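*Asks:* One structure is given below, represented as structure tokens, and several questions about it will come after.
What follows is calculated from the coordinates using simple rules that are stated; it is not laboratory data. On a predicted model such as this, the values are computed, not experimentally measured, just so you know. As a convention, Cβ positions derive from the backbone with ideal geometry for all residues, glycine included, and neighbour counts pool all protein chains shown.
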Amino acid sequence: MEMISFSQHGFTPFQQLLGHNKGILEKWVSLEDCIFSSETFSAELKEEVRRTLAFNNGCEYCKAKGAPSKIIMDSRTQLAVNVADMSSKKTHLSNSEFSALKEMFTDSEISELLALICFITACQRFGALLNLVPNCQI
């Protein structure tokens, strides 16, 4: 059961928990739209990053949308998933980890990938802290 009530603002259970603060909700949704409408990365890459983070961040609501793929053939997606996984365990990437990123991605792509990882993490941690569950009733 969620730790706070659902607000009347927002379309999803997550948004309705955040909707107690309408201004934050509006900016959050705007940032979410910006990040997920970007064509820098494929939808598959973004989804694999989201799935990996869901299991690392402990958000039951997000975990219910699917487990990470066991086999990823695309090297960019695999590296992005590896970075997402590492980011859940530590706060800094080593020089060798950054070198691997720079071999595969431009600086702009690295910035966007890390922003994606941090945004998804924030969403999932918010959901986990408020005990958002998959079968919630709004």
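*Asks:* Which entries of 46/70; 65/102; 27/102; 63/89; 46/89; 70/90 have Cα-Cα distances beyond 26 Å here? Before the final figure, lay out each step's value.
*Replies:* Numbers: 46/70 16 Å; 65/102 31 Å; 27/102 31 Å; 63/89 18 Å; 46/89 19 Å; 70/90 23 Å.
Pairs exceeding the cut-off: 65/102; 27/102.
*Asks:* Further question: Report the gain in length on full extension from residue 100 to residue 73: 0.36 nm times residue separation, minus Cα-Cα distance, nm rounded to one decimal. Before the final figure, lay out each step's value.
*Replies:* Details: separation 27, 0.36 × 27 = 9.72 nm, distance 1.70 nm.
Taking residue 100 through residue 73 to full extension adds about 8.0 nm, to one decimal.
*Asks:* With semi-axes √(5λ) of the Cα gyration tensor in Å defined as stated, name the option among (1) 47, 22, 13; (2) 28, 16, 13; (3) 51, 18, 12 computed from the structure displayed.
*Replies:* (2)
*Asks:* Another question, if that's okay. Just checking the chain: which Cys have no other cysteine's beta-carbon under 4.7 Å?
*Replies:* If one checks each Cβ against the other cysteines of the chain, 34, 118, 123, 136 turn up with nothing under 4.7 Å.
*Asks:* Give me the net charge for the shell around residue 25: Cβ to Cβ below 13 angstrom, other residues only, Lys and Arg +1, Asp and Glu -1. Walk me through the numbers before you get to the answer.
*Replies:* Values: positive: 22, 27; negative: 26, 32, 33.
Net of charged neighbours comes to -1.
*Asks:* I'd like the trypsin sites (Lys or Arg not before Pro) in region 60-96 restricted to DSSP loop residues with at most 13 other Cβ atoms within 10 Å, sorted by number.
*Replies:* Passing both the DSSP loop test and the Cβ count: 65, 70, 89, 90.
*Asks:* Further question: At what distance in nm do the modelled label points of residue 91 and residue 110 sit from each other, each positioned 7 Å from its Cα along Cα→Cβ?
*Replies:* According to this spin-label approximation, the distance is 2.0 nm.
*Asks:* Give the angle, between 0 and 90 degrees and rounded to the nearest 10, that separates the Cα long axis of helix 75-87 from the longest principal axis of the Cα atoms of the chain.
*Replies:* The two axes meet at around 60 degrees.
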